[in-house]
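**Student:** What follows is a single structure, and I will ask about it in a moment.
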Amino acid sequence: MATDLSKKKSLEIAVALPVYDTFTYQVADDLVGQATPGKRVLVPFGRRTVTGYILGETEPLTKKPLKTIEHVLDEYPLFTSGLIPFFKWMSHYYKYPIGEVIKTALPPGINLYEQKTVSICPEGQRVLKQNDLLQTEREILTLLAHNSSLSIKKLSEMLNQKTPYYLVRTLEDRGWVSSSVAMVGGKTKHRMQRFVSLADPNFTEKRARLSPVKQKILENIQSNKEVSVLQLKKEIPTASRYLKSLETEGYIMVTLKKEFRDPLGEPISPDSAPVLTEEQQQAVSQILETLENGFHAYLLAGVTGSGKTEVYLQLSAEVIARKKSVLILVPEIALISQMERRFRARFADSVAVLHSGLSGGERFDQWVKIVSNDLKIVIGARSAIFAPLENIGLIIVDEEHDTSYKQESGFRYNARDMAVLRAKMAACTIILGSATPSVQSWYNVQTGKFRVLYLKHRIEKRPLATISIVDLKETRDPHGRKCIISPQLQQAMKMTLEKKEQVLLFLNRRGFANYPVCSDCGEPVRCDNCEITLTFHKADNVYKCHFCGFTRAPTDGCPSCGSLRIIQLGLGTEKLESIVKSIFPQACVARMDHDTTRRKGSVLRLLKELKNKSIDILIGTQMVAKGHDFPNITLVGIICADLSLNFPDFRAGERTFQMLAQVAGRAGRGQLPGKVILQTYNPNHFSILAARDQDFKRFYHKEIVFRQALKYPPFSRLVQLGISGKNKEKTKRFAKNLGHYLQSMKKSHPNFATIQILGPVEAPLIKIDRYFRWQILLKSSETNLLQYFISKLIYEEKARLSGKEVKVVVDVDPFDMM
């Protein structure tokens, strides 16, 4: 509804839709007091009503009448005003719609949206019996005849094709179907719980006339003063059937209260701060000197086991004492429980957690407590960067080198980089901690953007593990055959187990066999949807695709010739587990990978068993390399150090070095010294040698030469255009045409000459989930120029990025080059 501009306050609204602009709406008088920044609203948008987010007041840019906000959805803001410029910056830099940025930031499942449903009319029932209908018309009417009503989305799913709106309107105009629109969604909200209390404190005088059960109920309530109906039913199972009559008779009052869903689990015993080592104390003191002096960025370069977490804890205590808040990011959900337990032991109930592993309700309740200023410390994975904390005094990014901080779908942001930005905007201190700093962060130290603080020694003067390299090219078993576990590693495992110590074996590939081949025709067993081979999972007795989820039963045989004679080539953690059990049948062997840790609480259970020494040998993928503290592991075996070394990715060497050095750091973290045996086919590669010496500077000085020569980050910025479509030829043609247009754009302005356009080329993984994939890489040492170039493409030539059967994804600062 349009209203008079001169009488109404106007607001800037971001709508939860894939549109880049914000929009101006007016506020009716009765909503003026409620419509404040950070709240959600319902606004008319085109022909529908959608959820929007209030960003602040604004002046209308037009004299045309403006539409009016229909409803304010929130009692209090869901995000702070300080987050609004942060959202806008991210939207601009990553070229992602501002409303979708905010939607990503907020707890899932809270928004409302319109849903159109369709049902068949009597006239539609009649014409369905005739034979002169088009096929699609008959299919739609048949589905509606068997269902009372269907949403357009559900109708499309059942038809296995997109249902055109114009066709539904045509059927509606003919009187064959009718449609209705309703607001749906908003499933995530406060959980309400019924509580009962005594309404009449003198009920004891009247108790004699009540039944024994009712008397027992009242006595229970009196002893507790107030009790939830849920708790009352646990103690008196039949209580619920008597509550209504007790309320009617005036004995009790029943009230609804918000119930907080606690994701933290069992209580933690409190601890006290230990005496710091000299290095830890120096790091803490230097950071405290600048804690109140605006933005400062520190790289805490500490070897594995040097006590970086204790530095975080003691600095956090100082920040909390100054009435400020702390934000802590960790790269993996599996690491949150470890960090959360350490912080809860020190700060009790001041800690919140935020990550995608929580239920929608748990995440919503944590968010509400944070935005209400009830919790001052937030620990979480990358999405916690959006935590609605106010007055931030310290941001910590643990394991800052980890690529998991980059979101690889939807809104493709880098939480580590955005943590630095948020610290700048909040004028606070940020610490980036790692034993193997990223090339980017160490470059920032070299250029003066970050200050470096060292922790060169493990706590209690424990030595770093000794690392020896085994050349797999020269290694054979006693029968002269190539082997997965070298004789050196097998002997070391035997000695470790005899001493009742624990072993960790690292192999960054899950499953049993990743290259199943037909012995009759020689064809590999491939995924139907992707251009890759399936992986055999023996425990589930199924072939799986790790990219799209496609499965094939072994009884289906070879897809090319039908033969059942499939050879299970290749190696994964499941096969390694089988081999280890055959060599050490008395040992308790466990596996820690995506397959064994899917269930909630499974990681914590494995860690407890490891701590209690219920596990002798732990086999794991990269999950075990990320910051876990295994004090009883004295031997680490790296089965094949080369798996990621030859990826078509300029960061392959960096990732290999970091992963090997990190997993080596799991050995000898307790009282006993550690040993690492690193098996490789490339014993002289500088990434392998630097990992052996646990020397990130040695790696950096070699790697940075290649980066500078090829003008790769940190000497340039990249933007990747990912092009995908189900039709191979159309996707190829679209990619080629887009490449030609980008070259013409480059020639249109002399400043664009410094931008390199690489591609279009087929992606290394040519086909995933039925989509053929192409890539174009834009590269420039001038960030603003590259941003202007891609903005011009997106905002002025957006038709070039959208095809009927082809989609383009813009990834700024990409990590995944596959």
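**Student:** Considering only region 587-609, how many residues are under 26 Å from the mean Cα position of the chain (by Cα), touching a residue at least 12 places away in the same chain (Cβ under 8 Å) and either buried (at least 20 other Cβ atoms within 10 Å of the Cβ) or within 24 Å of residue 677 (Cβ to Cβ) (or both)?
**Tutor:** The total comes to 8.
**Student:** In this structure, does residue 301 turn out to be within 30 Å of residue 605 (Cα to Cα) and either of a type in the set (A, V, I, L, M, F, W, C) or within 26 Å of the chain's Cα centre (by Cα) (or both)?
**Tutor:** Working: within 30 Å of residue 605 (Cα to Cα): no; either of a type in the set (A, V, I, L, M, F, W, C) or within 26 Å of the chain's Cα centre (by Cα) (or both): yes.
Criteria not met by residue 301.
**Student:** While we're looking at this one, here's another question. Being buried (at least 19 other Cβ atoms within 10 Å of the Cβ), small (Gly, Ala, Ser) and closer than 28 Å to residue 538 by Cα is the requirement here; does residue 625 meet it? Give the derivation first.
**Tutor:** Values: buried (at least 19 other Cβ atoms within 10 Å of the Cβ): yes; small (Gly, Ala, Ser): yes; closer than 28 Å to residue 538 by Cα: yes.
So residue 625 fits the description; yes.
**Student:** If you check 78, 61, which single one turns out to be part of a loop (DSSP other than H, G, I, E, B), out of contact with any helix residue (DSSP H, G or I) (no Cβ under 8 Å at 6 or more places or on another chain) and under 30 Å from residue 810 (Cβ atoms)? Steps first, please.
**Tutor:** Numbers: 78 fails: out of contact with any helix residue (DSSP H, G or I) (no Cβ under 8 Å at 6 or more places or on another chain).
Going through 78, 61 in turn, the sole match is 61.
**Student:** Let me ask you something else. When you check residue 435 against the structure, is it modelled with pLDDT under 95, of a type outside the set (Asp, Glu), touching a helix residue (DSSP H, G or I) at 6+ places or on another chain (Cβ under 7 Å) and farther than 30 Å from residue 578 by Cα, yes or no?
**Tutor:** Details: modelled with pLDDT under 95: yes; of a type outside the set (Asp, Glu): yes; touching a helix residue (DSSP H, G or I) at 6+ places or on another chain (Cβ under 7 Å): yes; farther than 30 Å from residue 578 by Cα: yes.
Taking the combined requirement at face value, the residue satisfies it.
Yes or no, residue by residue, for (1) among the basic types (Lys, Arg); (2) in contact (Cβ under 8 Å) with a residue 40 or more places away in the chain; (3) within 30 Å of residue 188 (Cβ to Cβ):
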residue	(1), (2), (3)
256	no, yes, yes
259	no, yes, yes
278	no, no, no
288	no, no, no
305	no, yes, no
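**Student:** Determine which single condition residue 585 fails, assuming it passes every other condition in (1) in a loop (DSSP other than H, G, I, E, B); (2) within 30 Å of residue 716 (Cα to Cα); (3) modelled with pLDDT of 85 or more.
**Tutor:** So residue 585 meets the others, but not (2).
**Student:** With respect to residue 52, is the statement that it is touching a residue at least 24 places away in the same chain (Cβ under 8 Å), open to solvent by less than 10 Å² (accessible area, probe 1.4 Å) and in contact with a Pro (Cβ under 6 Å, 6 or more places away or on another chain) true?
**Tutor:** Numbers: touching a residue at least 24 places away in the same chain (Cβ under 8 Å): yes; open to solvent by less than 10 Å² (accessible area, probe 1.4 Å): yes; in contact with a Pro (Cβ under 6 Å, 6 or more places away or on another chain): no.
So residue 52 fails the test.
**Student:** So which helices (runs of 4 or more DSSP H) stay within region 404-520 end to end and still have 1 or more residues that are charged (D, E, K, R) and open to solvent by less than 70 Å² (accessible area, probe 1.4 Å)?
**Tutor:** Qualifying helices (runs of 4 or more DSSP H): 415-426.
Rundown of residues vs (1) among the β-branched types (Val, Ile, Thr); (2) modelled with pLDDT of 90 or more; (3) more than 27 Å from the chain's Cα centre (by Cα), yes/no style:
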{"position": "551", "(1), (2), (3)": "yes, yes, no"}
{"position": "557", "(1), (2), (3)": "no, no, yes"}
{"position": "564", "(1), (2), (3)": "no, yes, yes"}
{"position": "567", "(1), (2), (3)": "yes, yes, yes"}
{"position": "580", "(1), (2), (3)": "yes, yes, yes"}
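**Student:** Could you list, in sequence order, the residues of region 207-261 that are touching a helix residue (DSSP H, G or I) at 6+ places or on another chain (Cβ under 8 Å), open to solvent by less than 50 Å² (accessible area, probe 1.4 Å) and closer than 27 Å to residue 365 by Cβ?
**Tutor:** Correct list: 221, 227, 229, 232, 239, 243, 254, 261.
**Student:** Suppose the filter is closer than 14 Å to residue 574 by Cα and either among the basic types (Lys, Arg) or surrounded by fewer than 16 Cβ atoms within 10 Å (Cβ to Cβ) (or both); does residue 541 pass it?
**Tutor:** On the way: closer than 14 Å to residue 574 by Cα: yes; either among the basic types (Lys, Arg) or surrounded by fewer than 16 Cβ atoms within 10 Å (Cβ to Cβ) (or both): yes.
So residue 541 fits the description; yes.
**Student:** Name the pairs: first residue in region 419-446 and in contact (Cβ under 8 Å) with a residue 12 or more places away in the chain and among the hydroxyl-bearing types (Ser, Thr, Tyr), second residue part of a loop (DSSP other than H, G, I, E, B) and surrounded by fewer than 20 Cβ atoms within 10 Å (Cβ to Cβ), Cβ to Cβ under 6 Å, at least 6 apart or on different chains?
**Tutor:** 429/291; 443/714
**Student:** Six or more apart or on different chains, Cβ under 8 Å: which pairs go from a residue in region 326-354 that's farther than 15 Å from residue 626 by Cβ and open to solvent by less than 40 Å² (accessible area, probe 1.4 Å) to one that's among the charged types (D, E, K, R) and part of a helix (DSSP H, G or I)? Could you list them?
**Tutor:** 327/422; 351/340; 351/344; 352/369; 353/340; 354/363
**Student:** Moving on. Quick check: is even one residue across region 194-201 in contact with a strand residue (DSSP E or B) (Cβ under 7 Å, 6 or more places away or on another chain), over 30 Å from residue 367 (Cα atoms) and modelled with pLDDT of 80 or more? Lay out the reasoning, then the answer.
**Tutor:** Initially, region 194-201 is screened for residues in contact with a strand residue (DSSP E or B) (Cβ under 7 Å, 6 or more places away or on another chain), giving 194-199.
In the following step, the residues that additionally are over 30 Å from residue 367 (Cα atoms) were identified as 198-199.
With modelled with pLDDT of 80 or more added as a condition, the list becomes 198-199.
Yes, region 194-201 has at least one match.
**Student:** Would it be correct to say that residue 186 is within 30 Å of residue 47 (Cα to Cα), among the small types (Gly, Ala, Ser), modelled with pLDDT of 85 or more and surrounded by fewer than 15 Cβ atoms within 10 Å (Cβ to Cβ)? Don't jump to the end; show me each part of the working.
**Tutor:** On the way: within 30 Å of residue 47 (Cα to Cα): yes; among the small types (Gly, Ala, Ser): yes; modelled with pLDDT of 85 or more: no; surrounded by fewer than 15 Cβ atoms within 10 Å (Cβ to Cβ): yes.
For residue 186, the condition - within 30 Å of residue 47 (Cα to Cα), among the small types (Gly, Ala, Ser), modelled with pLDDT of 85 or more and surrounded by fewer than 15 Cβ atoms within 10 Å (Cβ to Cβ) - is not met.
**Student:** Also, quick follow-up: From 306, 269, grab the single residue that is polar (S, T, N, Q) and either more than 30 Å from residue 665 (Cα to Cα) or open to solvent by 40 Å² or more (accessible area, probe 1.4 Å) (or both). Don't jump to the end; show me each part of the working.
**Tutor:** Values: 306 fails: either more than 30 Å from residue 665 (Cα to Cα) or open to solvent by 40 Å² or more (accessible area, probe 1.4 Å) (or both).
It is 269.
**Student:** For a quick check of your reading of the model, give me the residue pairs whose first member lies in region 213-227 and is within 14 Å of residue 237 (Cβ to Cβ), whose second is in a helix (DSSP H, G or I), with beta-carbon atoms closer than 8 Å and at least 6 apart or on different chains.
**Tutor:** Listed by first residue and then by second, the contacts come to 213/242; 217/232; 217/242; 217/243; 217/246; 220/232; 220/235.
**Student:** Do any strands (runs of 3 or more DSSP E) entirely within region 610-716 hold 2 or more residues that are farther than 18 Å from residue 466 by Cβ and modelled with pLDDT of 85 or more, and if so, which? Break it down stepwise before answering.
**Tutor:** Values: elements: 617-620, 633-638, 675-680.
Strands (runs of 3 or more DSSP E) meeting the threshold: 617-620.
**Student:** Here is a follow-up. Filter region 628-646 down to residues that are in contact (Cβ under 8 Å) with a residue 24 or more places away in the chain and out of contact with any strand residue (DSSP E or B) (no Cβ under 8 Å at 6 or more places or on another chain) and give me whichever is most open to solvent (accessible area, probe 1.4 Å). Spell out the reasoning first.
**Tutor:** Taking region 628-646 and keeping what is in contact (Cβ under 8 Å) with a residue 24 or more places away in the chain, we get 628-645.
Okay, now just the ones that are also out of contact with any strand residue (DSSP E or B) (no Cβ under 8 Å at 6 or more places or on another chain), so 628-629, 631, 643-645.
Values: 628: 1, 629: 79, 631: 60, 643: 48, 644: 25, 645: 15 Å².
By that ranking, first place goes to 629.
**Student:** Another question, then. Name every residue in region 708-725 that is of a type in the set (A, V, I, L, M, F, W, C) and open to solvent by 20 Å² or more (accessible area, probe 1.4 Å), in order of residue number. Quick ask: steps written out before the conclusion?
**Tutor:** Start the filter on region 708-725 by keeping residues that are of a type in the set (A, V, I, L, M, F, W, C), which leaves 709-710, 715, 718-719, 721, 723.
Matches in region 708-725: 709, 710, 715.
**Student:** Where residues in region 654-678 are surrounded by fewer than 24 Cβ atoms within 10 Å (Cβ to Cβ) and of a type outside the set (Lys, Arg), which of them is farthest from residue 491 (Cα to Cα)?
**Tutor:** Initially, region 654-678 is screened for residues surrounded by fewer than 24 Cβ atoms within 10 Å (Cβ to Cβ), giving 654-655, 669-673, 675, 678.
Then keep just the ones that are of a type outside the set (Lys, Arg); that gives 654, 670-673, 678.
Working: 654: 31, 670: 22, 671: 22, 672: 19, 673: 17, 678: 14 Å.
Within region 654-678, the match that is farthest from residue 491 (Cα to Cα) is 654.
**Student:** Right, something else. List the number of the failed condition for residue 688; all other conditions in (1) closer than 30 Å to residue 771 by Cα; (2) open to solvent by less than 70 Å² (accessible area, probe 1.4 Å) hold.
**Tutor:** Status for residue 688: all satisfied but (1).
**Student:** Another one. So, in region 778-818, how many residues would count as being closer than 22 Å to residue 727 by Cα and without any contact (Cβ under 8 Å) to a residue 60 or more places away in the chain?
**Tutor:** Of the residues in that region, 4 qualify.
**Student:** Moving to a separate point now. Quick check on my filter: what residues within region 563-581 are free of Cβ contacts under 8 Å to residues at least 12 places away in the same chain and either open to solvent by less than 40 Å² (accessible area, probe 1.4 Å) or under 22 Å from residue 508 (Cβ atoms) (or both)? Steps first, answer last, please.
**Tutor:** Applying the first criterion (free of Cβ contacts under 8 Å to residues at least 12 places away in the same chain) to region 563-581 yields 564, 581.
Scanning region 563-581 gives a single hit, 581.
**Student:** Here is a further query. So residue 63 clears everything in (1) touching a residue at least 40 places away in the same chain (Cβ under 8 Å); (2) open to solvent by 60 Å² or more (accessible area, probe 1.4 Å); (3) under 24 Å from residue 182 (Cβ atoms); (4) of a type in the set (D, E, K, R) except one condition, right? Which one?
**Tutor:** For residue 63, the exception is condition (3).
The values are calculated or read from the model by the stated rules, or taken from the named source; none is laboratory data. What you are looking at is a predicted structure, and each value in this text was computed from that prediction instead of being measured. Backbone-built Cβ (ideal geometry, glycine too); neighbour counts: all protein chains shown. Ligands, DNA and RNA are stripped out before the accessible areas are found, and what is left, the full protein with its side chains, is counted by its heavy atoms. Shrake-Rupley method; radii C 1.70, N 1.55, O 1.52, S 1.80 Å.
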